[in-house]
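These notes concern the structure reproduced below.
The values are calculated or read from the model by the stated rules, or taken from the named source; none is laboratory data. As the structure is a prediction and not an experimental result, all values here were calculated from the model. Every residue, glycine among them, receives a Cβ derived from its backbone with ideal geometry; neighbour counts consider all protein chains shown.
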Amino acid sequence: MRVDIGNALGATATPGVSRTALEQLDERVASAHERIDHGRREAEHGYAALSLPRRVNVDEVLAATAGFDPEAVLVVGIGGSALGATTLAAALPAPDDAPPVYALDNVDPAHVSSLLDSLPLSETVVNVVSKSGTTAETLANFLVVRTRMQRAGVDWTEQTLVTTGDAGPLRAMADRHDLPTLRVPNGVPGRFSVLSAVGTASAALRGADVTRLVAGARDAADDLSGSLFETPAYAYGAVAFALGRRGATSNAMMPYVEALEPFAEWFAQLWAESLGKDGLGQTPLRALGATDQHSQLQLYRAGPRDKLVTFVRQTKRAAAAPVPDDLPDGLSYLAGEGLGDLLDAEFRATEASLAAAGRPNVRVEIDRLDARSVGKLLYGMETACVLVGELEGIETFTQPAVEWGKVAARGLLGAAGDPEQDAADAVAEKERLVVD
């Protein structure tokens, strides 16, 4: 992974960061690196995510998934229990006959029914993922899936893989039915769990090279140093922090690789849930190049100066998909070009357009979309996020606002316990001004 922060410098952008300010900030980065390095060595809560490339047991994942030969894979989870899996399913190369991966990460009944209607249930492997084993949305969806399989005459126990913690209802069910089970690592919040069994199991079911994925992350982990001028992840995190403090309160993640569109969703959770605390944090936005040049770029270039745009691109493209030679009048400039050339030109023009308007943007590059490069990218973004948390002085690995909502939902459904009822009462006390 390479990071070019030139278009975020004060000489180009407003808001921007001067080279002098970066040099001063680098002293704080060095101190933050010491804290991060200690935390990952000791596998402290949260920091344990950054030690996953050395701790995760890929052989266990491969063994647990080896007995399946699915036509489709259905991940049942929510948030970090699903976004990492869908990111890897889209980004990692797999055999031509690899099964598609679907996710049930919402409880919209119409969507759930439609998806289950479309799946070959007798040939679908279900990977249900919940660290606590008590996540209401996940367990509700899984029970619906299980019932649908039973009604279709499918033995769900032969087609279910469980990924969960050491205790809880899901673990108890897996033990009772002797289901293959993978363990969610301790000390790793869900949004940081992509490199564990949480994310890699579905990729392994598709035949993707999860060994090289973890090896790429390990390379990135080994390359961490105490300077933003030597570590791409720290360069990105430091600039995002500095721009946030200077008014860039939104961060638009815009990959110029179709297969990385789910990565932008994964990044949005990572950035929002980790850093949105104490009145701080950038709002992550999701975009896709070149598609969203036609839907969002107007705002990024001419709207409020409150955004950092992060581009992600691969420098070594696959087949160019050449444009046919029989071109109509006015399109001769496309002669001899391929779609890859057009996409690259679109990227460069968009980057230059923002720079010309003085809008900060950062270029993140990977060589190619392969397992090793994806591992480096994911680890790099996790590291950048942790660095921003250290620089902001916030608790990166907690999510109290999310927990409040979970408690309120349980209370509204009649769960026992005073905290749930208190939260439910707060929902019921909503002020209303209805226009009908």
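Figures for the structure shown
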quantity: Any hit, the range 69-79, residues being out of contact with any helix residue (DSSP H, G or I) (no Cβ under 8 Å at 6 or more places or on another chain) and within 14 Å of residue 163 (Cβ to Cβ); calculated: no
quantity: The lone exception for residue 380 - which of (1) assigned by TED's automatic domain parsing to the domain that holds residue 17; (2) of a type outside the set (D, E, K, R); (3) under 26 Å from residue 189 (Cβ atoms); (4) modelled with pLDDT under 95 it fails; calculated: (4)
quantity: Count of the range 282-306 residues which are small (Gly, Ala, Ser) and either over 24 Å from residue 340 (Cα atoms) or not assigned by TED's automatic domain parsing to the domain that holds residue 343 (or both); calculated: 2
quantity: Test for residue 191: is it of a type outside the set (A, V, I, L, M), touching an Asp or Glu at 6+ places or on another chain (Cβ under 6 Å) and closer than 29 Å to residue 267 by Cα; calculated: yes
quantity: Residue list for the range 220-268, restricted to those being among the polar types (S, T, N, Q) and under 24 Å from residue 303 (Cβ atoms); calculated: 249, 250, 251
quantity: Boolean, residue 435 is modelled with pLDDT of 75 or more, on the phi < 0 side of the Ramachandran plot and buried (at least 22 other Cβ atoms within 10 Å of the Cβ); calculated: no
quantity: Exclusive hit being within 26 Å of residue 100 (Cα to Cα) and in a loop (DSSP other than H, G, I, E, B), set 226, 133; calculated: 133
quantity: Restricting the range 414-423 to residues that are hydrophobic (A, V, I, L, M, F, W, C) and surrounded by fewer than 19 Cβ atoms within 10 Å (Cβ to Cβ), the residue that is modelled with the highest pLDDT; calculated: 415
quantity: Which numbered condition residue 84 fails, given (1) within 30 Å of residue 309 (Cα to Cα); (2) surrounded by fewer than 19 Cβ atoms within 10 Å (Cβ to Cβ); calculated: (2)
quantity: Matching residues in the range 143-174 - criterion: being in contact with a helix residue (DSSP H, G or I) (Cβ under 8 Å, 6 or more places away or on another chain) and part of a helix (DSSP H, G or I); calculated: 144, 145, 146, 148, 149, 150, 156, 169, 170
quantity: Residue within the range 317-337 that is at pLDDT 70 or above, in contact with a helix residue (DSSP H, G or I) (Cβ under 6 Å, 6 or more places away or on another chain), among the basic types (Lys, Arg) and in the same structural domain as residue 254 (by TED's automatic domain parsing) present; calculated: yes
quantity: Failed criterion for residue 155 (all others in (1) farther than 24 Å from residue 374 by Cβ; (2) surrounded by 16 or more Cβ atoms within 10 Å (Cβ to Cβ) hold); calculated: (2)
quantity: Wholly enclosed helices (runs of 4 or more DSSP H) of the range 1-71 bearing at least 3 residues farther than 21 Å from residue 183 by Cα; calculated: 19-41
quantity: Filtered residues of the range 374-413 (kept if surrounded by fewer than 21 Cβ atoms within 10 Å (Cβ to Cβ), assigned to a helix (DSSP H, G or I) and among the small types (Gly, Ala, Ser)); calculated: 401, 405, 408, 409
quantity: Residue pairs meeting the criteria (Cβ under 6 Å; at least 6 apart or on separate chains; first without any contact (Cβ under 8 Å) to a residue 24 or more places away in the chain and assigned by TED's automatic domain parsing to the domain that holds residue 196, in the range 57-77; second outside any loop (DSSP other than H, G, I, E, B) and surrounded by 22 or more Cβ atoms within 10 Å (Cβ to Cβ)); calculated: none
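Listed here are the residues, each with its yes/no results for (1) assigned by TED's automatic domain parsing to the domain that holds residue 386; (2) over 23 Å from residue 375 (Cα atoms); (3) modelled with pLDDT under 95.
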residue: 109; (1), (2), (3): no, yes, no
residue: 117; (1), (2), (3): no, yes, no
residue: 134; (1), (2), (3): no, yes, yes
residue: 138; (1), (2), (3): no, yes, no
residue: 149; (1), (2), (3): no, yes, no
residue: 161; (1), (2), (3): no, yes, no
residue: 198; (1), (2), (3): no, no, no
residue: 203; (1), (2), (3): no, no, no
